[in-house]
Amino acid sequence: MKLRYLLLATTLLFAPAMAFAESVTMVPPPAMDQSIAAGTEKIVLAGGCFWGVQGVYQHMKGVTNAVSGYSGGEKGTANYNLVSGGDTGHAEAVEVTFDPKTVSLGKILQVYFSVAHNPTELNRQGPDTGTQYRSAVFTTSVDQEKVVKAYIDQLDKAKVYSDPIVTKVEPLKAFYTAEAYHQDYATINPTQPYIVYNDLPKIKNLSKLFPQEYREKPVLVSEVQPTN
């Protein structure tokens with residue numbers, strides 16, 4: 001994100017604000033979804049900078065926590081300075097905990113593919129480039145994996161996007177929570193230029209495209225009681 005600040009500061013001098021807003025594609029809901037299960041469920045989603053992805057899901061009804069972190073690499077390299085180099089295998093990701101009785105996995109995924117990120121960008125997202133910004137879903141069950149893969153196949157066959165989806169799907173090996181200063185970042189820093197131009201539009205699009213799922217007050221990591 002150090003380079004992120006430099007790129008944004010430079011571009012702001014020469015480009016209109018709208019240049020930063022990613023295009024939004026309202027995708028259809030998945031034809032296959034999970035059965036409603038008791039208790040909460042987790043899935044880890046990577047789609048560029050975790051600030052924006054976290055912000056989107058913190059404003060989604062049924063999500064009980066959304067934590068920024070790293071997945072795809074080893075524990076010893078799960079820190080921002082190393083991950084920023086792009087060669088740790090990690091992706092900036094968000095662990096989404098949700099209540100299936102309130103929001104289905106299918107709806108979580110519909111938001112992911114519609115407003116949380118652009119799944120056709122390979123190893124990049126908006127102004128950020130590198131494998132750490134790749135599009136990836138880390139599933140926590142075989143059932144989740146089936147639903148995600150079927151949905152991607154459905155969207156590709158329907159040619160929802162002009163380019164093919166590059167999202168990788170793999171079983172979650174581990175999720176490592178990011179540094180404290182990355183948590184709740186979009187809420188704490190609403191006037192930070194990167195957030196204004198890249199992430200607040202995603203939250204606004206959630207409210208417009210999914211008004212039934214949107215909640216004004218976000219669920220924040222700092223307010224969620226830790227569980228054993």
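The values are calculated or read from the model by the stated rules, or taken from the named source; none is laboratory data. None of these values were measured; they are calculated from a predicted model. FYI the Cβ positions are ideal-geometry reconstructions off the backbone, even for glycines, and counts take in every protein chain you see. These area figures cover heavy atoms from the full protein model, side chains too; ligands, DNA and RNA do not enter into them. Shrake-Rupley method; radii C 1.70, N 1.55, O 1.52, S 1.80 Å.
Numbers for the structure displayed
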quantity: The chain - percent of accessible surface contributed by carbon and sulfur, probe 1.4 Å; calculated: 57 percent
quantity: Helix-only [θ]222 nm of the chain, DSSP H runs n ≥ 4, -39500 (n - 2.57) each, per residue, nearest 500; calculated: -7500 deg cm²/dmol
quantity: LYS204-LYS159 pseudo-label distance in nm [points 7 Å out on the Cα-to-Cβ vector]; calculated: 3.2 nm
quantity: More than 14 angstrom apart: percent of Cα pairs within segment 18-69; calculated: 69 percent
quantity: Inter-part distance where segment 30-97 and segment 181-228 are each reduced to a Cα centre, Å; calculated: 14 Å
quantity: Rel. contact order, % - alpha carbon contacts under 8 angstrom, at least six apart, segment 69-228; calculated: 24 percent
quantity: Three semi-axes of the equivalent ellipsoid, segment 111-228, Cα gyration tensor, whole Å, largest first; calculated: 25, 20, 16
quantity: For segment 50-144, projected area of the alpha-carbon convex hull averaged over all directions, nm²; calculated: 6.3 nm²
quantity: Label-point separation, VAL196 to ASN123 (7 Å along Cα→Cβ), nm; calculated: 3.3 nm
quantity: Cα convex hull volume per residue for the chain (Å³); calculated: 119 Å³
